[in-house]
Amino acid sequence: MTPRTYISLIGPSVASAEVLGIAEEAGACIAKAGAVLVTGGGRGAMEAACRGAKLAGGSTLGILPGHSRYEGNPWLDMSVPTGMGEMRNVLVVRSSDAVLAVGGGFGTLSEIALALKLDKPIAGIDTWSAALGPQAAPIPLAASPAQAVRILLQTLGDA
């Protein structure tokens, strides 16, 4: 049995309608590619991505900051309550094969930094774009969710 690809979508818990639309489309693209969507399990971009994935027939995994699996958004198939607060960001990134950043503030930036540190393939849409230090290449920015997922799958060798 071939293991499935896991792609984390990271983004803000409070987001504009534009970012929510991009996240939902990205979730659908991840599902249509046959990958499992991993998020922090909360609201905002995470919930929008999960909704998109589920409506496209995909599977979703939420790595939750709190102690209860019932704190996650309603589009999650599986919820992992960590009790770790924002430290769970490490698990969101570590649980994936690749990371897609959509919009975001400092929480998203921390997950981008973790992805770079863990040498995870990463792509972004309307997110942080500068090289984060002398050893990091700029994050590839995509014009659309479909392009971002293609970039990640090509990097992984799954395309």
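Here, each number is a calculation from the coordinates, and none is a lab measurement. As the structure is a computational prediction, the values presented were derived from the model and not from experiment. Cβ coordinates were reconstructed from backbone atoms using ideal geometry, including for glycine residues, and neighbour counts include every protein chain displayed.
So here's what we get for this one:
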| item | result |
| --- | --- |
| Cα lying deepest toward the dipole's positive end in the chain, options 23, 37, 123, charges on Cβ | 37 |
| Viscosity 0.890 mPa s, temperature 25 °C, Stokes-Einstein D of the chain from Kirkwood C-alpha radius, µm²/s | 165 µm²/s |
| Cα-based reach from residue 54 at 21 Å (exclusive), listing lysines while leaving out same-chain residues under 8 positions away | 32 |
| Karplus (6.51, -1.76, 1.60) ³J(HN,Hα), θ = phi - 60°, over the range 106-112, in Hz, Gly and Pro reported as x | 5, x, 5, 4, 5, 5, 4 |
| Dipole moment magnitude, nearest 20 debye, the chain about Cα centre, only Lys, Arg, Asp, Glu C-beta charged | 260 debye |
| Amide H within-cut-off set for residue 41, under 5 Å, with H built and near neighbours excluded | 63 |
| Whole-number percent relative contact order across the range 71-155, with pairs defined as alpha carbons under 8 Å at least 6 apart | 24 percent |
| Environment charge of residue 15, counting only residues whose C-beta is closer than 14 Å and scoring Lys/Arg +1, Asp/Glu -1 | -3 |
| In sequence order, calculated HN-Hα J values of the range 15-32 (Karplus, 6.51, -1.76, 1.60; Hz; x Gly/Pro) | 9, 6, 4, 5, 5, 4, x, 5, 4, 5, 5, 5, x, 5, 5, 4, 5, 5 |
| Residues with amide H under 5 Å from that of residue 10, placed H, sequence gap 5 or more | 100, 101, 102 |
| Peptides 81-89, 150-158 ordered by average Cβ neighbours within 10 Å, highest first | 150-158, 81-89 |
| The range 6-156, relative contact order in percent, only Cα pairs under 8 angstrom and at least six apart counted | 23 percent |
| Selected from 142, 95, 107, residue furthest toward positive end of dipole (the chain; charges at beta carbon) | 95 |
| Equivalent ellipsoid semi-axes - Cα gyration tensor, the range 31-90, angstrom | 20, 10, 9 |
